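Bear in mind these aren't lab numbers, they're just calculated from the coordinates by the rules spelled out. Since the structure is predicted, the reported quantities are computational estimates derived from the model, not experimental observations. Don't worry about glycine lacking a Cβ; one is built from the backbone with ideal geometry, like all the others, and counts go over all protein chains shown.
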Amino acid sequence: VAVSVQEDIRKFQETFDGITGRFRLINRIGEGTFSTVYKAEDLEYDDHQNDWDLEEKENSKWKSPPLRNPRSNLCSLDPASEYSQQRKRPRYVAIKKIYVTSSPMRIHNELELLASLRGCDSVCPLITAFRCTDQVVAVLPYFKHTDFREYFRDMTVPDMQIYFRSLFKALAEVHNKDIIHRDIKPTNFLYEPEKRRGVLVDFGLAEWEGVEKKACLCEEHERDRRRRVTSSIAATVGPAAGYPRNDTRPSRRANRAGTRGFRAPEVLLKCTAQTTKLDIWSAGVILLTILSKRFPFFNSADDVEAMIEIATIFGTRRMKACAYFHGTQFETSIPTIGEKGFGMEKIILWSTCRSGGDDEQPLNKQEKLAVSFLEKCLELDPNKRISAEEALLHEFLRDDSD
Ligand code: ADP
Ligand code: MG
């Protein structure tokens, strides 16, 4: 363990009262935008009980703690709380130290959503949470996984089928509860190729689907939307060269949370009625990454650049229809964005250098099946995009042995 990490662990133990009595911090395993995650040993682990790992889980379901009131749980610093007696304790845990700069609302939201996902097989369950002054930590069972960058280039189509079957099972569970994860990407899906299973983590940006839907209904009626679109500058005077100087149109506001490169078009277009389908788009971006062997596949500095990247593939005709559907307009004068765009097969052949040279290697039958599934995930219109449930029935994911 590096000296700087040891120092960080020491500071954390010093400032978080009581943590050393319950956990032995081993290493720092993650440093994200919103948190630092440590691997630790749960010192209250009862040896008579089984290890909290996959084999055990296959036999008897993971038992998550009865989290009745996440609000009160947040303040519970009592290590001998009601859970300790009832649950099977893990030997190793992941302690997620949520940055104190996160708003209490955000932290509460993450813990509450995790609590309501209790019992979902492919979601890393919340064991408990503690607060010490302004510092909140969430305790999760430690899930062994391999860094995506170590294996994605070598994945065969059957490997992809196993990976995505696991990911879409997780998505189906989350979406069935009307929860949008909002941050689907490889670092939030802890996958272990050897075990052929993964769990979804990081509900820091997640939200209930209905909230936005309702907001949309009161915010903007279809009539208003049409009026705004038809009276827009682009619609009345045609596309301008650049941004209008005195733009009087009201700005659009919508939840844009997510990670660069994984945001769905409806998020980039600030659609207010966002649904669980935005996670399907992000999962599609993961598949595109694997098939094209390029990570990150999309690499934009901002939302406008992200739109340009998507438009380069999909072409202006489909982008305009997509924008109109979301109550806005898509205009571009960039010469490399064609009207028709390119098919996914072409994109994959180009990015893997299997096309254009002397040595043309068209996609085989298996790869074509993967592409047909990819196209269903990367469908611009969220209403036509495949759902997680439907995806599990798609030939690419269907598991006849289930
Ligand atoms: P953030 O909101 O900061 O992105 P995450 O919940 O995604 O926080 O965790 C950050 C990283 O920590 C993950 O990408 C993963 O590498 C590691 N991690 C998180 N939870 C666990 C866990 N339960 N088991 C093992 N590693 C984990
Ligand atoms: Mg994360």
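Give the relative contact order (percent, whole number) for region 276-374; include only Cα pairs under 8 Å separated by 6+ residues. Before the final figure, lay out each step's value.
Working: 80 pairs, mean separation 25.4, N = 99.
Dividing the mean separation by the residue count of region 276-374 yields 26 percent.
Over region 305-398, with a single point scatterer placed on each C-alpha, what log10 of the ratio I(q)/I(0) does the Debye formula yield at q = 0.10 1/Å?
-0.34
Summing +1 for each Lys or Arg and -1 for each Asp or Glu, what net charge is found among the other residues whose Cβ lies under 9 Å from the Cβ of Asp183?
Working: positive: Arg182, Lys185; negative: Asp202, Asp279.
Cβ neighbours under 9 Å give a net charge of 0.
Stokes-Einstein D for region 84-197 at 37 °C, 0.692 mPa s, Kirkwood Rh over Cα pairs, in µm²/s? Could the numbers behind the result be given before it?
Numbers: Rh = 15.8 Å.
Diffusion coefficient, whole number: 208 µm²/s.
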